[in-house]
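All remarks here apply to the structure that follows.
No value in this document is a laboratory result; all are computed from the given coordinates. The structure displayed is predicted, hence computed values, not measured ones. Ideal geometry is used to build each Cβ from the backbone, glycine not excepted, and the neighbour counts take in all protein chains shown.
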């Protein structure tokens with residue numbers, strides 16, 4: 001891929017994420033993100049953390065009939081056996097939510113050909129999750145995974161803490177190569193959130209292998225898992241722009257590719273489609289809720305649609321108790 005920083009367009013979705021570093025720059029980023037998220041999601045977020053991802057609390061609640069797509073781990077086998085009809089048991093949402101976010105800071109995310117880089121969109125996703133869950137004493141923590149290692153930020157509540165997490169992500173140095181250990185990051189997240197159920201969010205492009213799958217499955221046994229995949233339009237298709245010099249951000253290897261070849265572009269699209277289908281199927285098999293955010297789209301609107309679809313499914317299935 002070609003690594004470059006694209007200038008944001010006036011009508012790009014979400015905030016201008018390419019502002020200056022420092023306290024004032026980070027505060028301005030958070031202010032703009034908060035404004036966008038609040039305005040565009042207004043009317044969808046009624047209640048607390050259930051507005052982002054309808055989570056399952058730790059206390060048993062009402063039963064309802066099974067709907068396609070429900071988590072089979074919530075099957076109420078006693079009621080099912082008595083009625084001969086599949087039933088699931090809802091759970092009462094906890095009054096306080098502890099959210100942990102694992103952020104992939106791979107060199108692959110230092111890339112963007114549309115409104116902003118993938119790293120900027122990852123920052124926006126973390127900010128949105130923090131803003132949507134920072135209510136009524138909810139706590140927010142982070143795990144930063146880069147080729148240099150894994151750094152944990154213990155969960156705390158409050159806007160200043162969220163701002164400090166965003167600042168650490170924004171100021172994290174760009175590396176020339178290497179692959180972060182997402183499985184180690186997931187293990188750290190599981191250790192930080194071992195005392196109670198909560199929301200575990202993984203922000204990554206999920207490229208470069210599936211070593212993270214076992215850790216994600218273990219995390220989903222106890223927590224609500226929300227996978228935010230960051231993508232760029234050029235990862236789906238190549239334009240006809242002649243000879244293009246591309247670089248592997250992990251190994252640093254360069255290669256000249258002639259994009260004039262229609263056959264090459266078609267093979268690229270087919271391989272990219274197959275890869276995306278496999279990532280989607282893998283995340284779903286792990287029990288994760290999956291959202292794709294594209295650097296060329298209005299990411300706030302895509303998140304709002306995701307929230308609306310989740311709320312609609314919950315209502316069709318009998319609703320979640322708050």
Arrange 206, 254 by Cβ neighbour counts within 10 Å, fewest through most, would you?
-> 254, 206
Please express the shape of the stretch 185-225 as an equivalent ellipsoid: the semi-axes are the square roots of 5 times the eigenvalues of the C-alpha gyration tensor, given largest first in whole angstrom.
-> 19, 10, 9
Name the shape class, rounded, prolate or oblate, that the alpha-carbon gyration tensor gives for the stretch 97-256, where a ≥ b ≥ c are the square roots of its eigenvalues, rounded holds for a/c under 1.5, and otherwise prolate holds if a/b is larger than b/c and oblate otherwise.
-> prolate
Using the number of other C-beta atoms within 10 angstrom as an exposure proxy, rank 83, 133 with the fewest first.
-> 83, 133
Proxy exposure order for 306, 172 (fewest C-beta within 10 Å first) is 172, 306
Quick one: Debye curve from the C-alpha atoms of the stretch 176-312, no solvent, what's log10 I(q)/I(0) at q = 0.18, 0.21 Å⁻¹?
-> -1.14, -1.34
